[in-house]
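Read the structure below first, then the notes.
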Amino acid sequence: MDNIILDFCYNLRNAGVRISVLETIDAISAIKHIGYSDKESFKYALSTALVKSEEDILIFDKQFESFFNVKLFDMDYADANFDVAKALEKEWSDLTASIINKDDRQFLELFNKAIDFSRLDEMQYRTQQGMYVQKIMDQIGIKNLEEDIMFLSESKIPGTESMVSALEKKKKDLQEFTESYVKSQYELREGKRNKNALENRLQDTRFAELKEHEMEAMKVIINRFVKKIYSRYSKRKRNYKKGFLDIKKTLRKNSSNDGMLFDIQWRFKKINRPDIFVICDISNSVRYASHFMLLFLYSLNETLLKIRSFVMCSDLVEVSHVFKEYEVEEALDRIYSGEDLDILLGYTDYGESFKDFKKICGKSINKKSTIIILGDARNNDTNPHIEILKEIKDKCKTLIWLNPEKKLLWGTSDSEMDRYLPYCDIAEECNTIGQLNKILNDIFKRT
């Protein structure tokens, strides 16, 4: 049954339920104690081990009913008298014996081994389902069951009729369950392959070319990227708190203890929280890119501290509080509309925005600070205030500019990118979610 439970956990993860390895082990252990004969007890044991929230309960219930065919639990043989079979001096096949002895555990262990043998993970095409069903049925011993049924049918022994009927019913149930199980596993893996293909394509699709119906998938990708960034950063923090074993110091400290290590020495590498300032151009010319940067920022603000977020157009305003107070969609709507924000949504003016940024954050920026700017540097022929960007650069640790335009357009027409470039530690073309994720990952490695 272990493989079936593992496949079910795989289904749940694919549906959005977070399940750890330990929780999976707990589920398998619980089922070994509870058994399989009672569906409700089986379901309760699994949900107790795997479900952590009300949202997860809804997903669990739906996945359970679709994954576990009710016939798996249909072991009612009230009308069958197997005493005759037990009295016969015949060596029954393992499958037949599990049914005659009403041994649910043995029956499901046989099924589990058959699934393991069939290697369902190698199934690639819908047309292969029948072949894999037959593999499982052959491995579980369906032919031996058929031979045992034929033996009983031909024996003409009184009382075997109900037993033959029960065995035929079990054979039919097993066939139907196997077909259902193989189909569900194919659909799951096909869905996963399609999902992975879609996500891989979206990661390399330019922001400007994304369709509206692809936005939800993009949010999922962004959330996954953010979780990975947070997980990596959290691990660094945990290592800092726990420390690393310092072998040299430990041996030196215990040199007088005849090799006994009584006093363990640890070394600690100080990890600073990210001190990041992000400026995002929300003007119409780059809105297709800023939307995804803001989604990233919103998610990062939920997981990491010391990120201050700003948006700019004709001038600049801080929006960190908007991310904290509102759900993502409302937060973005408020930012783009300027609702309750002291921002002028007219022609883009980078020079004026940098002046505002210096006024707001000038005293907060230091050699631990990272400044990230997302924008096309198109300044509508106004004063770019290069000297202010230079001042900001001189005060911070790293200044990074992410430009959604192709590099060949930098410095053309009203773009001031070529004049800003000397004061950027990093300047990258950034117009796909894959590029944005790679750059942000690199940034967090530096902090």
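The values are calculated or read from the model by the stated rules, or taken from the named source; none is laboratory data. For clarity, every value in this text was computed on a predicted model and none was experimentally measured. Using ideal geometry, Cβ is built from the backbone for each residue, glycine included, and neighbour counts are taken over all protein chains shown.
Overview of values
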read-out: Check on residue 322, at pLDDT below 95 and crowded, with 22+ Cβ neighbours inside 10 Å; value: yes
read-out: Pairs with Cβ under 6 Å, 6+ apart, first in the range 325-339 and without any contact (Cβ under 8 Å) to a residue 24 or more places away in the chain, second in a loop (DSSP other than H, G, I, E, B); value: 338/345
read-out: The lone exception for residue 166 - which of (1) small (Gly, Ala, Ser); (2) in contact with a Phe, Trp or Tyr (Cβ under 9 Å, 6 or more places away or on another chain); (3) exposed (fewer than 14 other Cβ atoms within 10 Å of the Cβ) it fails; value: (3)
read-out: Extreme residue, surrounded by the fewest Cβ atoms within 10 Å (Cβ to Cβ), among residues of the range 196-221 that are touching a residue at least 40 places away in the same chain (Cβ under 8 Å) and part of a helix (DSSP H, G or I); value: 208
read-out: Cβ-Cβ under 9 Å pairs, at least 6 apart or on other chains, the range 1-29 side over 20 Å from residue 136 (Cα atoms) and modelled with pLDDT under 85, far side among the polar types (S, T, N, Q) and outside any helix (DSSP H, G or I); value: 17/53
read-out: Residues of the range 34-61 classified as assigned to a helix (DSSP H, G or I), at pLDDT 80 or above and not β-branched (Val, Ile, Thr), total; value: 14
read-out: Considering residues of the range 406-415 that are in contact (Cβ under 8 Å) with a residue 12 or more places away in the chain and assigned to a loop (DSSP other than H, G, I, E, B) only, the residue surrounded by the fewest Cβ atoms within 10 Å (Cβ to Cβ); value: 413
read-out: The range 416-444 - residue that is of a type outside the set (Asp, Glu) and not in a helix (DSSP H, G or I) and, of those, surrounded by the most Cβ atoms within 10 Å (Cβ to Cβ); value: 430
read-out: Residues located in the range 268-295, provided they are at pLDDT 70 or above, farther than 17 Å from residue 429 by Cα and more than 30 Å from the chain's Cα centre (by Cα); value: 283, 284
read-out: Any hit, the range 332-339, residues being closer than 23 Å to residue 444 by Cα and out of contact with any Gly (no Cβ under 8 Å at 6 or more places or on another chain); value: no
read-out: Odd one out for residue 394, checked against (1) out of contact with any strand residue (DSSP E or B) (no Cβ under 6 Å at 6 or more places or on another chain); (2) surrounded by 15 or more Cβ atoms within 10 Å (Cβ to Cβ); value: (2)
